[in-house]
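Just below is one structure, and these are the notes that go with it.
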Amino acid sequence: MNFKILHVVSFLACGCVSAQLNDSIFIPENQMYYKQLNQIWENPVQFSKQKFSDFTETELSAVVKDLNMKRTQTAESSNEFGFKTQGIFNISEKLRLLGSFDYQFVTEKNVGYNLTNGRTEDQFVLNPNYLFVPKKANWENQNYHIKGGISYHLWKGLELGATVDYRNQNSFRKSDPRPEINTADYSGKIFAGYRYGNHQLSVFGGLGRKSETYDIMAVNEFINAPANPEYYVRFSNGYGRIVYFPSYTNFSYRTVDRNFGAGYAFENPKNFFNINFSYSKAMQNLYGNTGELYNLPTGSTYFAESLEKMKYRLVNYKTDANYWYKSEIADFMSNVNFQSITGDNYNNAEFGQNYRMTLDRLSTANNFLLKDGKKIKFGAVLEGVYNDFSAIDLLGITYKYVTSLNLNLKFNKDIFYRETQKVNLEMGAMSYFPLKESLQYTPASSNTLLYDHVIKNDHEFDRMSKLGPQFGLQFYQRVSANTDLKIFTNFAALFPLSRDLEQSTEYNGNPNLYFNAGISLFY
Amino acid sequence: MKQLLTYFAVLMLLFSCHDDDFGNNSNTLQPTNFKVEVKYDASYNDTSGNARRVKNATVVMVNNSSGDTYTISTDADGFANFSNVIPGTYKITVSKKMLSDEFYATFNYVSPAAELSFNGTQEGATINVNVQSTVIEVRSARIGDLLIKQIYYGGSHITQGAGIRDQFIELYNNSNEVIYADGLYLGQLYGKTNTTVNSYTQSSGQFDWSKSMGMTMGNTANTDFVYADYVMRIPGTGTQYPILPGQSLVIAQNSLNHKSPLVDNTGSPINILNPSLTIDLSGSDFEVYLGTFNNSIGEAIYKFDIQNPAVKDLEIAYWGRPGNWSGNNDFIMDSPGRDSFIIFKMDPADFTLLSDYSDPSVTNATVSTRYFKQIPINVIIDGVDLQHYNPNSQRPKMLNASVDASFIAGDQAYISQAVIRKTKTTIPAQGNTQARKVLEDTNNSANDFIRQTANPRGFQQ
């Protein structure tokens, strides 16, 4: 299977040759151009007239994280080894192809209260329906992600595009209880745009289907009992509520995601503006196993209505706007993104809902680049994210509310430049500030385990300001006429701005450390 | 262009959302109030024929989905008013202990015993904003002098101890008179092992036996009978096996000293790495040896069904329908706890006449169909519902409230742990009569039993 994927990527990455366009952007030249690459994936037809040089980039990288200050359902440390190859290929003036293949091998240490492949490193809460045990354990994860895209100028102002995406993830916990989680996520999206002069209107729609199967094994299943609270498998149904889950040995999720939207783009030789509005609804169904149907201790799981137990619905309204000014000496990019996300659950056995999550997120990323030919004289990035989050469990009974602001500021400059070599240095700071928060809890159940060990701890984390420096160093070497080598490394640290977390949780007071390094070849 | 716009309009309609994602029954689940009215059964009606309500009874409600437990007592009018109850499906248990003077004050006649217990249960009780009350009737618990005292079903460590080979059941004479065990039946009951409700179950998730093939008696098949896959009988002529007051009778799966090395029926040695984890059952009163029976039906003898010729075997009274034998080739108790046990007495001829039925999930009888002996509840002397140690794997009750109002579960399997009756009191020695312990017997196993290390003929520590 994986060899097939590599063949496809090789075709996408290497099989296409075309002349480079005049005044075109070579994405690997600077980090900020990768943001434009991400925008192309979002709506390829909006960028079909933008000039991007062909490139193929192949990268090997490693990421090391030491997370002393974290939410509970996250690893204390992790190591990631990755391989990535991606590229843009202008087959002709009319046809552009995009391709990407990603592989990561991730080891995590000491993940507690979590038997899923979701983590709360970058999200306030996990989805509501999941198994957990207090006992911490190490995990191994392997992720594969392949995607392809196309934009094609069909006729007059009419342009069509499509993207396809496949992700596969295998996760294993390495001590009892030992879930083996297999995830396959397929999605596709089609785009159509009509260009009139400098203006373009586009519409798009997509479908996705994600299947996750959980097979929970144990060397010693007999310790799975309330008498051994560290190992007893429990099921979270909301945010604080714990229920029994007879299918804990084998169960599965299927998520169907439907989305559609529309976009507008304007461009002239120096300016580009685009905006996209989209709506998506992801419906996740949780399926038990046949043991419950046939009076057996265990059974097999599959996606049948008779095994359906719970649902979780995520609705996302998203608006994304970009402005890009480009000239011979300077580039300026600004992105504003607003998402309004609502998640709510449903229990088939109880015919009702007890959990709702809302997240309104306004983010902006602003990049400025002063150039001298290919030399970066000065680059600056200012990013800000405003989150307005709430989670409520009517049976938990928990109400959590957080508004927060993330601010990141970075500067970069080519500190050494030659035709065949250059060194780019990046320095900056990242920060998190809670603006308003509250956590209310009224126990309706005698079981307060999730509140005592997860919800309370996480809220202490969310209500604490954090600040830290970040540094990046990138060395570019011309290897041949069409091939460059990049060696990069980044380091960041995040410090708490108060001792509250240390005083109210088991936090050891040390900062979080992030390090990554890698080598990439682009041609 | 117009065609294109039409096409995209249709596409957007296809992707648009529906408001009925969660069906028409969707509602917001919130805690609610709930009222339980507790009445005595009709045999205790007042002179006008009206039911009497039960004051100061303990009402326990356990949520089937989460185990959340609410306990309060009924007020002077016989109502238990719960507030802030999480909606869901509940098992409600009512228990009431009554001394003879309260009995007289309540019913105006003399109590048949110094202390009586009344129990009532309701399984599958729905609680939500639309259903905020229920009525439960309590019945006087069966007063039995012969009790199931200890059940050691969990076994000992699989590699260090004896696994399930050292299982046993202990019976106890809780009275002040000699009881003869001759002809006593021991039944291992059959039922659903999960609480899933479907077309062939009752609302509790237990089999609806009225739907078994050939069953014609309606709901009394569920209320007046239990169903056993294995039944054994103590031999004897009537006075061969006396149990003295305060004495026990131990029935072992294998009546052996499990602390010592053994040789199984294939000649292979069995080594016990940690003898302290298991027990010496060589002094048990009876063992269940299936070898003779298995030979008689053409089945192989189980390699761990090792006979001790010095100990009397129980008789095999029922092991399935001939040709459709039940699956176990030894007396094996479910180590996680999905079993119920009863002791009962009846004439062997009457026992033979009892019908057997397949469970109601079976719609076509085949050679592999299993059958279960239908045993009337009114012959049961004592019974205990066990429960899986893992609440994720809980099962519905098999016994009704007059036999066992609740259930008892171990901490986990293979930890040398048994469930044993609490000691209620010790009656001191008088003259030639030895001191004896009186064990708790309210026919409510959650109240009557505790968990502790298995100890044949031992008592609550």
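Would you call residue B:443 surrounded by fewer than 24 Cβ atoms within 10 Å (Cβ to Cβ) and either part of a loop (DSSP other than H, G, I, E, B) or touching a His at 6+ places or on another chain (Cβ under 9 Å) (or both)? In short, no. When the criteria are applied in full, residue B:419 fails the requirement of being farther than 12 Å from residue B:226 by Cβ, more than 13 Å from chain A (Cβ to nearest Cβ) and not in a strand (DSSP E or B).
What is the one condition in (1) among the hydrophobic types (A, V, I, L, M, F, W, C); (2) assigned to a strand (DSSP E or B); (3) at pLDDT below 90 that residue A:3 does not satisfy? The failed condition is (2). Scanning the stretch A:383-430 for residues that are within 14 Å of another protein chain (Cβ to nearest Cβ), over 17 Å from residue A:341 (Cα atoms) and among the aliphatic types (A, V, I, L, M) yields A:394, A:395, A:397.
Just for the stretch A:434-450: of the residues that are assigned to a strand (DSSP E or B) and polar (S, T, N, Q), which one is nearest to the other protein chains (Cβ to nearest Cβ)? Only one residue tops the list, namely A:440. Whenever a residue of the stretch B:201-229 is more than 16 Å from residue B:354 (Cα to Cα), its partners that are acidic (Asp, Glu), lying with C-beta atoms within less than 6 angstrom and at least six residues away or across chains, give the pairs B:201/B:208; B:202/B:208; B:204/B:123; B:207/B:359.
Residue-wise test of (1) buried (at least 19 other Cβ atoms within 10 Å of the Cβ); (2) among the small types (Gly, Ala, Ser); (3) assigned to a loop (DSSP other than H, G, I, E, B).
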{"residue": "B:302", "(1), (2), (3)": "no, no, yes"}
{"residue": "B:305", "(1), (2), (3)": "yes, no, yes"}
{"residue": "B:309", "(1), (2), (3)": "no, no, yes"}
{"residue": "B:335", "(1), (2), (3)": "yes, yes, yes"}
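Within the stretch A:253-296, track down each residue that is over 26 Å from residue A:201 (Cα atoms), polar (S, T, N, Q) and out of contact with any Asp or Glu (no Cβ under 6 Å at 6 or more places or on another chain). Those that are over 26 Å from residue A:201 (Cα atoms), polar (S, T, N, Q) and out of contact with any Asp or Glu (no Cβ under 6 Å at 6 or more places or on another chain): A:255, A:284, A:289, A:290, A:295. Annotation: of all residues in the stretch A:286-302 being facing another protein chain (nearest Cβ under 8 Å) and in a loop (DSSP other than H, G, I, E, B), the one that is nearest to the chain's Cα centre (by Cα) is A:297. Being within 14 Å of another protein chain (Cβ to nearest Cβ), of a type in the set (A, V, I, L, M, F, W, C) and either farther than 20 Å from residue B:201 by Cβ or free of Cβ contacts under 8 Å to residues at least 24 places away in the same chain (or both), is that true of even one residue in the stretch B:391-408? Yes; the residues of the stretch B:391-408 include at least one that is within 14 Å of another protein chain (Cβ to nearest Cβ), of a type in the set (A, V, I, L, M, F, W, C) and either farther than 20 Å from residue B:201 by Cβ or free of Cβ contacts under 8 Å to residues at least 24 places away in the same chain (or both).
Criterion applied to A:264, A:244, A:239, A:214 was being among the hydroxyl-bearing types (Ser, Thr, Tyr) and either in contact with a Cys (Cβ under 8 Å, 6 or more places away or on another chain) or within 9 Å of chain B (Cβ to nearest Cβ) (or both), and the one residue passing it is A:244. Pairs are defined by a Cβ separation below 7 Å, a sequence spacing of at least 6 or placement on different chains, a first member in the stretch A:33-58 that is over 16 Å from residue A:201 (Cα atoms), and a second member that is surrounded by fewer than 21 Cβ atoms within 10 Å (Cβ to Cβ) and of a type in the set (Ser, Thr, Tyr); the pairs so defined are A:51/A:24; A:52/A:24; A:53/A:24; A:54/A:18; A:56/A:523; A:57/A:520; A:58/A:520. Only residues that are under 30 Å from residue A:154 (Cα atoms) and either in contact with a helix residue (DSSP H, G or I) (Cβ under 8 Å, 6 or more places away or on another chain) or surrounded by fewer than 19 Cβ atoms within 10 Å (Cβ to Cβ) (or both) were counted in the stretch A:51-86, giving 8. For residue A:276, the requirement of being in contact (Cβ under 8 Å) with a residue 60 or more places away in the chain, within 11 Å of chain B (Cβ to nearest Cβ), under 21 Å from the mean Cα position of the chain (by Cα) and outside any loop (DSSP other than H, G, I, E, B) is not met. Of all the numbered requirements in (1) within 14 Å of chain A (Cβ to nearest Cβ); (2) over 27 Å from residue B:356 (Cα atoms), residue B:150 misses one, and that requirement is (1).
Each residue in the stretch B:52-77 was checked for being free of Cβ contacts under 8 Å to residues at least 60 places away in the same chain, part of a loop (DSSP other than H, G, I, E, B) and either within 14 Å of chain A (Cβ to nearest Cβ) or surrounded by fewer than 20 Cβ atoms within 10 Å (Cβ to Cβ) (or both), and 9 of them qualify.
Among the residues of the stretch A:469-523, the ones that are of a type in the set (Val, Ile, Thr) and under 14 Å from residue A:424 (Cβ atoms) come to 2 in all.
In the stretch A:362-380, is there at least one residue being acidic (Asp, Glu), buried (at least 16 other Cβ atoms within 10 Å of the Cβ) and more than 14 Å from every other protein chain (Cβ to nearest Cβ)?
Going through the stretch A:362-380, the residues acidic (Asp, Glu) turn out to be A:372.
Then drop every residue that is not buried (at least 16 other Cβ atoms within 10 Å of the Cβ), which leaves none.
No, every residue in the stretch A:362-380 fails to be acidic (Asp, Glu), buried (at least 16 other Cβ atoms within 10 Å of the Cβ) and more than 14 Å from every other protein chain (Cβ to nearest Cβ).
Within the stretch A:247-260, restricting attention to residues that are within 23 Å of the chain's Cα centre (by Cα) and more than 9 Å from chain B (Cβ to nearest Cβ), which residue is nearest to residue A:218 (Cα to Cα)? Among those residues, the one meeting the criterion is A:252. The condition (being closer than 30 Å to residue B:65 by Cβ and buried (at least 17 other Cβ atoms within 10 Å of the Cβ)) is satisfied by just one residue among A:321, A:391: A:391. In the stretch B:282-323, the qualifying residues are those that are of a type in the set (Gly, Ala, Ser) and touching a helix residue (DSSP H, G or I) at 6+ places or on another chain (Cβ under 9 Å), and the one that is nearest to residue B:244 (Cα to Cα) is B:317. The number of residues in the stretch B:111-160 being part of a strand (DSSP E or B) and either in contact with a strand residue (DSSP E or B) (Cβ under 7 Å, 6 or more places away or on another chain) or over 18 Å from residue B:32 (Cβ atoms) (or both) comes to 29. Restricting attention to the stretch B:106-157 and to residues that are within 23 Å of the chain's Cα centre (by Cα) and acidic (Asp, Glu), the residue that is surrounded by the fewest Cβ atoms within 10 Å (Cβ to Cβ) turns out to be B:145.
Okay, residues lined up against (1) touching a Lys or Arg at 6+ places or on another chain (Cβ under 9 Å); (2) outside any strand (DSSP E or B):
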{"residue": "A:118", "(1), (2)": "no, yes"}
{"residue": "A:126", "(1), (2)": "yes, yes"}
{"residue": "A:140", "(1), (2)": "yes, no"}
{"residue": "A:145", "(1), (2)": "yes, no"}
{"residue": "A:153", "(1), (2)": "yes, no"}
{"residue": "A:161", "(1), (2)": "yes, no"}
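In summary, residue A:309 fulfils each of the numbered conditions (1) more than 11 Å from chain B (Cβ to nearest Cβ); (2) in contact (Cβ under 8 Å) with a residue 24 or more places away in the chain with the single exception of condition (1).
Screening residue A:38 on (1) surrounded by fewer than 16 Cβ atoms within 10 Å (Cβ to Cβ); (2) modelled with pLDDT under 90 shows it passes everything except condition (2).
Taking the listed residues B:299, B:315, B:287, the one that is at pLDDT below 95 and acidic (Asp, Glu) is B:299, with no other qualifying.
The values are calculated or read from the model by the stated rules, or taken from the named source; none is laboratory data. None of these values were measured; they are calculated from a predicted model. Cβ atoms come from the backbone with ideal geometry, glycine included; neighbour counts cover every protein chain shown.
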